[in-house]
Amino acid sequence: MNELFRFCKNLKEEHHSKKPFDKDKPVSFWSEKDLLNGTVVDAFVMILRTRGCTWALQSGCSMCGYFNDSALSSVSSDELMKQYTAAMEKYTGQPIVKIFTSGSFFDECEIPVSVRTKILLDLAEKTQKIVVESRPEYITDETLSDVTKLIRQKTLEVGIGLETSNDFIREHAINKGFVFDDYKKAAMLLKKYHCKVKTYVLVKPPFLSEEEALNDGISTIQAVASYSDTISLNPVNVQRRTVVEHLWRRRQYRPPWLWSVVEILKSTKNLVGTVRIQCDVTGGGSIRGAHNCRTCDTGVLTAIRMFSLSQDIHVFDDLSCGCKEQWLDQRNLESLGFGSCVDFSGEMR
Amino acid sequence: MQFTVKKRDGPARIGELTIDQSIVTTPTILYVHTTRCTAPDFADMLLTNNIAKTQKPALKVLGSIFSKENVTANELTLSDYLLYPKDVPTQLHKDAFKHIDKKNAGCVIVPADPLLIPDITQDSTATIFIVANAAQLFSQQSAFISFIIQLREHIGYQKTIYLPCLGDPTNLAVFTYMGIDLFDSMAAVLAARNNIFLFSTGPYQKNDLSELPCSCPACTNAGNDPSKMGYPEILQHNNHGLYNELKQIRNAITQGQLRELVEIRVRAHPELTAVLRHLDSDHYPFLEERTSLIRKHPLIATTKEALTRPEVRRFQERVIHRYKKPKNAKILLLLPCSSKKPYSFSKSHNLFQQRLFGAKNPSVVHELIITSPLGVVPRELELIPPASSYDISVTGHWDEDEKHMIRTLLQTYLKKNKYETVIIHLPLGLAEFVTDLFVDPIITCTDKPTSEESLHNLSLALEKTTVSYDNIPVSIRVKENMKAIANFQFDEKAADILFNESEVRGKYPYWKLLSNKKQIGMITQERGFLSLTLDGAERLKQSGTYWVDIADDFILKGSLFAPGVKDADSLIRIGDEVVVTRNKLVCGVGVAQMNGTEMKESTKGEAVKLRHIA
């Protein structure tokens, strides 16, 4: 067994006291802005509480704490449908609906086929575009032929958390449990069924320096452009009971600089043609999320949000702040510290 | 890449790191040299992350295994390494080794997990051991020290330890004293970025410096006005600060005075003082093994830590465990120390001894000097360093640590060494906290020990007490005294063998030990210890201690070099008198220049300076 696999697993087992969830209620739901055929529209988002990501139940990824929202015990079809119905009470006809599960929508251990069928049939009636997420192993010919029949002419977009095109990083820094080729096969299968592919690219997994993370982000975006309709850049935020949090608490991990995120967006946009690159900086500007300094975080986050909708890199033109020097120092000097220099935003000692 | 130790002072060393055609003197600073940060001209060695255009030796850190740089490595290039943060499971760190190519590596990164040290160091051909996660490791000082010491004990004397990131002018001294050889200028860079000026007394914010106490070129060029100095100028100042301190440290090692410098420098930060105290209290054997018996300069004891320095503790432990008072000494005379050393060469001790030798039977009296930081020094040991040469700040006031130390030592000493009568000739402030340890002592000081009245009382007491014992000839007592030195220097068994059927001749302090008119050894004021002839060496060999065994085909010339040493007694310290044997036959005698373990381990350097060759 891979030692990182064991580490990710053990961190989850160490803390195991949790109050039981109300399985009739979804984790949350809200409305947000997104793009549909080049136009900014409202999107309705809901997160269902399933029994949890099958991979997370075995070990899980080094940065992912979404299992904290999962029931971690069986959730019946009835309960899932109650969650869906509860969320849909607030639905006001948004043309995009995103259904997330903190796992894989196509994993039948999380969402039984009957529930999946009911939800998709319902949404096909109500909305234009349906967005779900899945690990590649659940994206099969059988499932896709099944679900595409249900949604008829509506658009189905499937997000895949590839994180990086570098198999070594995915195995030794993320513990993702699949390889680049698995992603490629899944993406091609989605194309075959005329589904849209959204590829999640991680910025700064643990164990990588800022510079390494930045370079990996750039090369991953280039490598996945031909398989993707949308690339979603996800800077790591420190989630509970993860390897990332374990390190962050001990000052051995710093979430990525927003400057790195900007740099990745700027240097890849012109290389990916019509593929859309979006970036939602979860926890941006906080100590647990991607951040620069207190002074410039808000402005930079706004620019990133604007870019996600406009795809125009000129939104970054006027950004500047004194902390940019510290970021450049971090890129330049971090590896010379042999693990000592984790965060250049302040004094070292 | 090769490393040779040239000079030693405790665990600290001055060494030579040979890299291709260049020789770098250690301890040294690897100056950061990148596109954003240029190393100063005076840098002897660089730390860089690109293919720097420089003729200077440079440690190059290229991409880790997570980056995609393809480079051809040489022994000073690190690439494709896999370094996890400090606090991941040990097994994950171990997993990382699988990805590291150990072959031809001149440098090895050691993650800050002590459980990994054996695996990483075993069979390693590397010369430089890089302490990873140093900043996180240092946040727990005692764990930090244990880690460095464990690493040193595993890699031995002939390798170097590189401590990245932490070195600044306040801590270079104490880190060097722990045995670290290589530092870098990262702290200087980061401080400069934050407008912090580094000095050996501590860091200062630019805005807090209303005057700039520095005349380095950077500060001079700015007209000594901190407000005119930005990142490049402050960095230049900080780089100078590191270099100055480095030179101070190397001088101190050469002079054998590093410990004194360390005791001054650790005042800058409480955690550095803690490092020194942990070192003394938790790692005495490590320090002691590496600490020379002989000194070039007086030991300066002006701090609390001086009480616990290894030279002092070793002296005390030998007095307690090895030393035995002369057999015929029945009356104990407690005396204060003198500022001039050795004591008998001082005015005050001259006065005391006039009174002592004016008595009828002085050979039954044993003088014991009560002092700080050594505690108790029997008169015969006054020539032995550090008793022969130390300096304290004399105020007549004794602090509680000193009182406790003196009382404890005296009590332990008296358990092993019994006297029938005790005369206390000590100043009142000192007598006050030792008198209760004795039954009916005679107290002779009324005011100062050198006053006419006190000296008169001393004479009367000596007169009165010595007559009740049989008269002991001086020659008998002198031999007992000299044997007491041998007890202290070697051990009781060796002393018995050396003094068997022998007599002592000569005028103190130049006593000669003879047997059948042939000299066995002699005491000199310069050394304080017993120096042996080949006949003496023959006797020492019989004791089974302080031996150095050389290879069968090795021919001895002026000095014995380490490659010739097959095995050596691990009791040997620098400055010890040792017997050199070949095939169990004595072939020389001389003074150890390394400790026994280092002699055995080393492939370079002078092991024994020979006095006589058979």
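The values are calculated or read from the model by the stated rules, or taken from the named source; none is laboratory data. These figures come from a predicted structure and were not determined experimentally. Glycine gets a Cβ as well: all are built from the backbone with ideal geometry, and neighbour counts include every protein chain shown.
Go through the stretch A:91-111 and count every residue that is in a loop (DSSP other than H, G, I, E, B) and under 23 Å from the mean Cα position of the chain (by Cα).
Total satisfying the criteria: 13.
Would you list the helices (runs of 4 or more DSSP H) that sit entirely within the stretch B:384-473 and hold 3 or more residues that are among the charged types (D, E, K, R)?
Because the criterion is at least 3 residues that are among the charged types (D, E, K, R), the helices (runs of 4 or more DSSP H) in the stretch B:384-473 that meet it are B:400-416, B:452-466.
Rundown of residues vs (1) in a strand (DSSP E or B); (2) in contact with an Asp or Glu (Cβ under 7 Å, 6 or more places away or on another chain); (3) crowded, with 22+ Cβ neighbours inside 10 Å, yes/no style:
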residue	(1), (2), (3)
A:W30	yes, no, no
A:D42	yes, no, no
A:V45	yes, yes, no
A:A71	no, no, no
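Just one of the numbered conditions (1) surrounded by fewer than 23 Cβ atoms within 10 Å (Cβ to Cβ); (2) in a helix (DSSP H, G or I); (3) polar (S, T, N, Q); (4) in contact (Cβ under 8 Å) with a residue 40 or more places away in the chain is not true of B:Q150; which one?
(4)
Could you please give the count of residues in the stretch B:317-340 that are surrounded by 21 or more Cβ atoms within 10 Å (Cβ to Cβ) and either outside any loop (DSSP other than H, G, I, E, B) or of a type outside the set (A, V, I, L, M) (or both)?
Within the stretch B:317-340, residues that are surrounded by 21 or more Cβ atoms within 10 Å (Cβ to Cβ) and either outside any loop (DSSP other than H, G, I, E, B) or of a type outside the set (A, V, I, L, M) (or both) number 13.
Rundown of residues vs (1) more than 12 Å from every other protein chain (Cβ to nearest Cβ); (2) of a type outside the set (D, E); (3) assigned to a strand (DSSP E or B), yes/no style:
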position: B:V5; (1), (2), (3): yes, yes, yes
position: B:L17; (1), (2), (3): yes, yes, yes
position: B:L46; (1), (2), (3): no, yes, yes
position: B:N74; (1), (2), (3): yes, yes, no
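Each row is one residue, and each column tells you yes or no for (1) at pLDDT below 95; (2) of a type in the set (G, A, S); (3) touching a helix residue (DSSP H, G or I) at 6+ places or on another chain (Cβ under 8 Å).
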site: A:F7; (1), (2), (3): yes, no, yes
site: A:N10; (1), (2), (3): yes, no, no
site: A:D24; (1), (2), (3): yes, no, yes
site: A:L36; (1), (2), (3): yes, no, no
site: A:I47; (1), (2), (3): no, no, yes
site: A:G52; (1), (2), (3): yes, yes, yes
site: A:L57; (1), (2), (3): yes, no, yes
site: A:S62; (1), (2), (3): no, yes, yes
site: A:Y66; (1), (2), (3): yes, no, yes
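Answer with yes or no whether B:G588 is outside any loop (DSSP other than H, G, I, E, B), crowded, with 17+ Cβ neighbours inside 10 Å and either touching a helix residue (DSSP H, G or I) at 6+ places or on another chain (Cβ under 9 Å) or not assigned by TED's automatic domain parsing to the domain that holds B:E16 (or both).
yes
For the stretch B:60-74, indicate whether the set of residues that are without any contact (Cβ under 8 Å) to a residue 40 or more places away in the chain, closer than 27 Å to A:N166 by Cβ and surrounded by 22 or more Cβ atoms within 10 Å (Cβ to Cβ) is non-empty.
yes
Looking at A:L233, A:L189, which one is in contact with a strand residue (DSSP E or B) (Cβ under 8 Å, 6 or more places away or on another chain), surrounded by 18 or more Cβ atoms within 10 Å (Cβ to Cβ) and not in a loop (DSSP other than H, G, I, E, B)?
A:L233
Determine which single condition A:E79 fails, assuming it passes every other condition in (1) under 30 Å from A:L247 (Cβ atoms); (2) in contact with an Asp or Glu (Cβ under 7 Å, 6 or more places away or on another chain).
(1)
Considering every residue within the stretch A:302-319, establish whether at least one is of a type outside the set (A, V, I, L, M), within 17 Å of the chain's Cα centre (by Cα) and surrounded by 16 or more Cβ atoms within 10 Å (Cβ to Cβ).
Scanning the stretch A:302-319, I find at least one residue that is of a type outside the set (A, V, I, L, M), within 17 Å of the chain's Cα centre (by Cα) and surrounded by 16 or more Cβ atoms within 10 Å (Cβ to Cβ), so the answer is yes.
Which of the residues that make up the stretch B:81-125 are part of a loop (DSSP other than H, G, I, E, B) and more than 14 Å from chain A (Cβ to nearest Cβ)?
B:D101, B:K102, B:K103, B:N104, B:A105, B:G106, B:Q122, B:D123, B:S124, B:T125
Those residues that are more than 14 Å from chain A (Cβ to nearest Cβ) and within 29 Å of A:G322 (Cα to Cα), I need them from the stretch B:202-216; list them, please.
The answer is B:N207, B:D208, B:L209, B:S210, B:E211, B:L212, B:P213, B:C214, B:C216.
Being surrounded by fewer than 24 Cβ atoms within 10 Å (Cβ to Cβ) and not in a helix (DSSP H, G or I) is the filter here; which residues of the stretch B:182-194 pass it?
Passing the criteria: only B:N194.
I'm trying to understand the selection: among the residues of the stretch A:47-69, which are touching a Ser or Thr at 6+ places or on another chain (Cβ under 6 Å) and outside any loop (DSSP other than H, G, I, E, B)?
A:I47, A:Y66, A:D69
Can you tell me how many residues within the stretch A:157-182 are basic (K, R) and farther than 16 Å from A:G217 by Cβ?
The number of residues fulfilling the criteria is 0.
Mind checking which residues of the stretch A:320-344 are surrounded by 15 or more Cβ atoms within 10 Å (Cβ to Cβ) and either on the phi > 0 side of the Ramachandran plot or not in a helix (DSSP H, G or I) (or both)?
Residues satisfying the conditions are A:C321, A:F338, A:G339, A:S340, A:C341, A:V342, A:D343, A:F344.
Conditions: (1) more than 14 Å from chain B (Cβ to nearest Cβ); (2) in a helix (DSSP H, G or I); (3) at pLDDT 95 or above. A:L309 meets all but one. Number of the miss?
(3)
Report yes if some residue within the stretch B:422-432 is surrounded by fewer than 18 Cβ atoms within 10 Å (Cβ to Cβ) and either within 16 Å of B:V377 (Cα to Cα) or touching a residue at least 60 places away in the same chain (Cβ under 8 Å) (or both); otherwise report no.
Within the stretch B:422-432 (the criterion being surrounded by fewer than 18 Cβ atoms within 10 Å (Cβ to Cβ) and either within 16 Å of B:V377 (Cα to Cα) or touching a residue at least 60 places away in the same chain (Cβ under 8 Å) (or both)), the answer is yes, since at least one residue qualifies.
Just one of the numbered conditions (1) within 14 Å of chain B (Cβ to nearest Cβ); (2) surrounded by fewer than 21 Cβ atoms within 10 Å (Cβ to Cβ); (3) touching a residue at least 60 places away in the same chain (Cβ under 8 Å) is not true of A:H172; which one?
Checking A:H172 against (1) within 14 Å of chain B (Cβ to nearest Cβ); (2) surrounded by fewer than 21 Cβ atoms within 10 Å (Cβ to Cβ); (3) touching a residue at least 60 places away in the same chain (Cβ under 8 Å), the one that fails is (2).
Quickly run through the stretch A:106-122 and pick out the residues that are crowded, with 23+ Cβ neighbours inside 10 Å and in contact with a Gly (Cβ under 9 Å, 6 or more places away or on another chain).
Listed by number, the residues that qualify are A:E110, A:I111.
Among the residues of the stretch B:126-146, count how many are assigned to a loop (DSSP other than H, G, I, E, B) and either within 11 Å of chain A (Cβ to nearest Cβ) or over 25 Å from the mean Cα position of the chain (by Cα) (or both).
Total meeting the criteria: 4.
Please go through the stretch B:270-310 and give me each residue that is of a type in the set (S, T, N, Q), within 12 Å of the chain's Cα centre (by Cα) and over 17 Å from B:G179 (Cα atoms), ordered by number.
B:T308
Please determine, by comparing only the residues of the stretch A:122-142 that are over 22 Å from the mean Cα position of the chain (by Cα) and more than 23 Å from A:T85 (Cα to Cα), which one is farthest from the other protein chains (Cβ to nearest Cβ).
Restricting to residues being over 22 Å from the mean Cα position of the chain (by Cα) and more than 23 Å from A:T85 (Cα to Cα), the top hit is A:E142.
For the stretch B:182-201, give me each residue that is within 11 Å of chain A (Cβ to nearest Cβ), in contact (Cβ under 8 Å) with a residue 60 or more places away in the chain and of a type in the set (V, I, T).
Residue satisfying the conditions is B:V189 alone.
Away from chain B (no Cβ under 14 Å), assigned to a loop (DSSP other than H, G, I, E, B) and either surrounded by fewer than 22 Cβ atoms within 10 Å (Cβ to Cβ) or in contact with a Phe, Trp or Tyr (Cβ under 7 Å, 6 or more places away or on another chain) (or both): is that true of A:R251 in this structure?
The answer is no for A:R251.
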